[in-house]
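See below for the structure under consideration.
Derivation of every value follows stated rules applied to the coordinates shown; laboratory data play no part. Not measured: the values here are computed from a predicted model. Every residue, glycine among them, receives a Cβ derived from its backbone with ideal geometry; neighbour counts consider all protein chains shown.
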Amino acid sequence: MERFDLLVVGGGINGAAIARDAAGRGLSVLLAERDDLAAHTSSASSKLIHGGLRYLEQYEFALVRESLHEREVLLRTAPHIVRPLRFVLPDPPGGRPWWMIRLGLWGYDLLAGRGSLPRSSGVAKGDSVVRDPLKRGFRLASYWDAWVDDARLVVLNAVDAAERGAEIATRTALISARRADGAWIAELSGGRRIEAGMIVNAAGPWVADVLNGQLAGRSRSSVRLVKGSHILVPRLWDGEHSYILQQERDGRVVFALPYGSCSLIGTTDVPVARPDDAAITPDEIDYLCAAANAYFLRPTRPSDLVWAYSGVRALYDDGSTEAKDVTRDYRLELDPEPGAKLLSVFGGKITTARALALEALDRLEVGGFKFTATTPLPGGDLTPEFIAWLEAIGRWMPPALLKRLSRGYGTRLDRVLNGAGSLDRLGRHFGAGLYEAEVRYLVETEFAQSADDILWRRTKLGLELKADGKRQLERYLGR
């Protein structure tokens with residue numbers, strides 16, 4: 001029987017970050033994910049690395065401070081997939097008092113410390129993209145956070161874990177586990193049976209189901225399942241800045257973000273009963289359209305949707321009445337039963353996954369060098385030499401393709417291209433800038449198995465690749 005020091009159940013951002021940290025400290029690690037990496041919540045975020053400005057209203061000062069610290073770590077260790085993003089915060093009639101906005105931004109800057117991003121500022125002028133009623137006496141504030149390719153952040157954590165010795169087993173479900181002789185005996189799908197010294201239950205929305213079912217454990221904590229939905233519509237403004245849209249009717253804030261040639265609007269906060277209830281409803285679409293229409297001159301209608309997606313967030317239940325007020329902080333619960341250790345992860349956000357992993361290993365009393373704050377994720381070791389190499393590649397590669405590939409792979413781009421010096425040496429072209437060389441790399445290095453893995457999580461080319469190109473890709477992968 002195979003033996004591992006640690007079995008991680010769940011291939012979202014928390015599970016991948018824990019596997020990376022543990023493998024880097026010398027543990028033998030198996031990460032088991034029943035679907036694909038980032039197949040659910042971790043690829044359905046608002047694509048932000050942020051402190052959470054609105055959390056200050058809920059007095060979550062420690063969470064905001066930790067998140068802002070982690071924002072700096074990610075900007076430094078994953079600069080290819082995490083980029084600074086400027087936010088504009090309008091002050092509409094009926095919104096929060098202007099003094100409250102300025103006080104919140106001052107506190108945000110204070111908690112951020114001497115970070116790399118610019119400080120917030122107030123701008124006493126209108127905005128050419130917002131509706132006329134908002135322009136009278138209209139004021140703006142500006143501050144900075146960061147954008148992230150969320151699914152790639154998960155995948156790169158898993159790639160780094162594998163390169164440090166971990167086994168990443170996708171399409172592998174935990175069937176059952178029991179304690180025996182100071183260890184766990186776990187049954188996995190496909191008839192695989194392993195022994196593990198410890199288990200971390202990082203199953204996201206399914207954390208309670210796994211704990212009470214496959215692990216036969218008990219929990220002192222409970223989870224609130226809250227669905228967040230987003231819509232993608234044709235661009236509502238020019239420029240690469242974002243907006244925070246205060247909603248007068250319910251006090252929520254909605255993000256409006258640049259997303260290529262489109263605008264990404266989200267998110268909602270809708271309580272759901274089951275983890276599988278991750279589908280946007282007509283009411284949510286209407287809500288997000290109305291949220292955009294309250295601000296922007298260009299109208300947004302349900303018929304304009306280019307894409308929509310939903311994810312179910314497993315939030316730690318702090319007893320808040322409304323879903324929007326439930327804490328985004330995490331709770332780690334160590335099972336009190338004697339014998340082999342079991343740690344379950346409740347809640348969390350993509351920004352703080354690295355910090356969560358550190359705390360998880362501390363709770364499990366795992367020693368070793370804590371390297372993740374200073375070690376770049378794969379592709380994140382950008383240098384002047386790499387920039388010069390990109391300029392040389394740009395002599396034969398179209399600018400849009402070079403931009404996408406360099407932002408997705410960073411310094412690992414040379415492995416993707418595998419010595420190619422022209423487009424025709426990248427192999428078959430499936431369309432939308434997806435070539436055989438990239439597909440081969442994603443299968444061999446980034447655990448991709450299906451067309452959806454490639455088109456919706458390793459890349460976002462599912463928005464661009466035509467049906468015939470997807471069929472060709474599926475046939476290629478089938479061989």
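The simple spin-label model puts a point 7 Å past each Cα toward its Cβ; for ASP414 and ARG475 those points are separated by 3.6 nm.
Across the stretch 384-478, C-alpha contacts under 8 Å between residues 6 or more apart give a mean separation that, scaled by the residue count, equals a relative contact order of 20 percent.
What residues of the stretch 64-85 lie in the reach of a label at TRP389, counting those whose backbone N is under 15 Å from a point 7 Å from the Cα along Cα→Cβ? Those under the cut-off are 80. Sorted fewest first by neighbouring Cβ atoms within 10 angstrom, SER45, SER422 come out as SER422, SER45.
For the residues TRP389, TRP184, what sequence is obtained by ranking on other C-beta atoms within 10 Å, fewest first?
Values: TRP389 15, TRP184 22.
Listing TRP389, TRP184 from fewest to most nearby Cβ atoms yields TRP389, TRP184.
Between GLU163 and MET1, take the C-beta separation as r, use R0 = 25 Å, and let me know the FRET efficiency to the nearest 0.05. Before the final figure, lay out each step's value.
Values: r = 25 Å, r/R0 = 1.02.
Calculated transfer efficiency: 0.50.
Could you calculate the FRET efficiency of ARG193 with PHE371 from 1/(1 + (r/R0)^6), where r is the beta carbon distance between them and R0 is 56 Å, rounded to 0.05?
Working: r = 32 Å, r/R0 = 0.57.
Efficiency, rounded to the nearest 0.05: 0.95.
For the stretch 384-478, what is the charge dipole size about the Cα centre, in debye to the nearest 20, if Lys and Arg each add +1 at the Cβ and Asp and Glu each add -1 at the Cβ? Computed about the Cα centre, the dipole is about 180 debye. For the residue pairs LYS349/LYS403; LYS227/LYS341; LYS47/LYS460; LYS403/LYS470, alpha carbon separations beyond 20 Å are given by LYS349/LYS403; LYS227/LYS341; LYS403/LYS470. Using the Cβ-Cβ distance between SER222 and ALA62 with R0 set to 22 Å, the FRET efficiency from 1/(1 + (r/R0)^6) comes to roughly 0.55.
Going from the fewest other Cβ atoms within 10 Å to the most, the residues TRP237, TRP98, TRP307 appear in the order TRP98, TRP307, TRP237. Spin-label model, LEU382/ARG249: points 7 Å from Cα along the beta carbon direction are separated by 4.1 nm. Computed extension length for ASP424-SER142: 97.0 nm, one decimal, from 0.36 nm per residue of separation with the Cα-Cα distance subtracted. Think of the chain as having a plus end and a minus end, set by charges on the Cβ of Lys, Arg, Asp and Glu; of TRP237, ASN14, MET1, TRP237 sits farthest toward the positive end of this dipole. Placing +1 on the Cβ of every Lys and Arg and -1 on the Cβ of every Asp and Glu, with no other charges, gives the chain a dipole of roughly 940 debye about its Cα centre. Modelled spin labels at ASP468 and ASP452, positioned 7 Å past Cα toward Cβ, are 2.5 nm from each other. Taken one residue at a time, the phi angles of the stretch 145-156 give Karplus couplings (6.51, -1.76, 1.60, θ = phi - 60°) of 9, 8, 9, 9, 7, 4, 5, 5, 4, 5, 4, 5 Hz. Gly and Pro are set to x.
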